[in-house]
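Here's the structure, in structure tokens; my notes come after.
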Amino acid sequence: MNGIIGKKLGMTSIYNGDGKRVACTVIEAGPCVVTQVKTQATDGYNAVQIAFGDKKDKHTTAAEKGHFAKANTTGKKEVVEFRDAEAATVGDVLNVSLFEEGEFVDVIGTSKGKGFQGVVKRHGFAGVGESTHGQHNRLRAPGSIGACSFPARVFKGIRMAGRTGGNRVKTQNLEILKVDTEKNLLVVKGAIPGHNGSTVIIER
């Protein structure tokens with residue numbers, strides 16, 4: 001398999017071999033169950049579908065129950081497909097043993113939602129300028145957004161205030177510092193998108 005589903009537990013720090021303190025993120029990766037294997041002949045493409053996280057029976061639809069029953073497992077919260085993955089069998093259980101220390105992975109998650117924000121927080125603007133020389137309440141203002149009488153409009157894509165965060169984000173090339181096969185934990189270097197407890201996808 002070229003990936004697995006996990007849950008972000010939080011950040012901490014460890015000391016590497018050189019005695020330097022390294023910030024890292026702890027991820028509960030798996031166990032995931034293979035719920036479906038798609039092939040070119042039956043589905044038009046090759047993929048392996050895996051599921052993660054137990055879901056209460058009362059929150060599982062009848063269609064989902066039948067689908068998961070084929071894999072001899074209970075209802076799951078998250079279902080993800082991995083295209084062109086290695087051959088797998090329905091019902092197989094995947095865990096962190098897929099990965100090794102020192103390996104580099106990509107982590108996909110949903111960034112924290114910040115709500116409606118101004119241009120300083122959203123885009124890193126510096127504001128209009130100083131607080132003297134006639135400036136009043138302009139420290140965090142966007143400044144001019146248009147041109148002159150021509151073209152007499154605001155171009156599409158101008159960076160302005162608006163809803164921030166809550167987007168699908170992929171953080172690439174994160175080094176795996178530790179693999180705990182007993183507790184299904186991955187410790188990766190650096191930060192990953194999302195709040196603690198959010199679902200993430202780990203890809204090779």
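The values are calculated or read from the model by the stated rules, or taken from the named source; none is laboratory data. Because the structure is predicted, anything quoted here is derived from the model rather than measured. Please note: Cβ atoms are built from the backbone with ideal geometry, for glycine as well, and neighbour counts cover all protein chains shown. When the accessible area is computed, the model is the full protein with side chains, heavy atoms only, and any ligands, DNA or RNA have been set aside. Shrake-Rupley method; radii C 1.70, N 1.55, O 1.52, S 1.80 Å.
Below is a table of values for the structure above.
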quantity: Share of Cα-Cα pairs in segment 128-204 lying beyond 22 Å, as whole percent; calculated: 58
quantity: Debye log10 I(q)/I(0) for segment 56-187, one point scatterer per Cα, at q = 0.12, 0.18 Å⁻¹; calculated: -0.81, -1.18
quantity: Two-decimal Rg/Rh across segment 77-116, once Rg and the Kirkwood Rh are taken from alpha-carbon atoms; calculated: 1.06
quantity: FRET E, pair Ala62, Val22, Förster distance 35 Å, beta-carbon r, rounded to 0.05; calculated: 0.15
quantity: From phi via Karplus (6.51, -1.76, 1.60), per-residue ³J(HN,Hα) for segment 19-33 in Hz, x at Gly/Pro; calculated: x, 8, 7, 10, 6, 8, 10, 9, 10, 8, 9, x, x, 10, 10
quantity: Extension reserve of the Ser198-Thr110 stretch, reckoned as 0.36 nm per residue once the Cα distance is removed; calculated: 30.9 nm
quantity: Spin-label model distance (nm) - Arg83 vs Ser97, 7 Å beyond Cα toward Cβ; calculated: 3.0
quantity: FRET efficiency, 1/(1 + (r/R0)^6) with R0 30 Å, evaluated for Ala152 and Ala126 via beta carbons; calculated: 0.65
quantity: Surface per residue (accessible, 1.4 Å probe) for segment 42-189, Å²; calculated: 69
quantity: Sum of side-chain charges, Gly124 neighbourhood, beta-carbon under 12 Å (Lys, Arg +1; Asp, Glu -1); calculated: +4
quantity: Cβ-based net charge around Val96, under 12 Å, with every Lys or Arg adding one and every Asp or Glu removing one; calculated: -4
quantity: Ranked by how many other beta carbons lie within 10 Å on average, peptides 63-69, 17-23 from highest; calculated: 63-69, 17-23
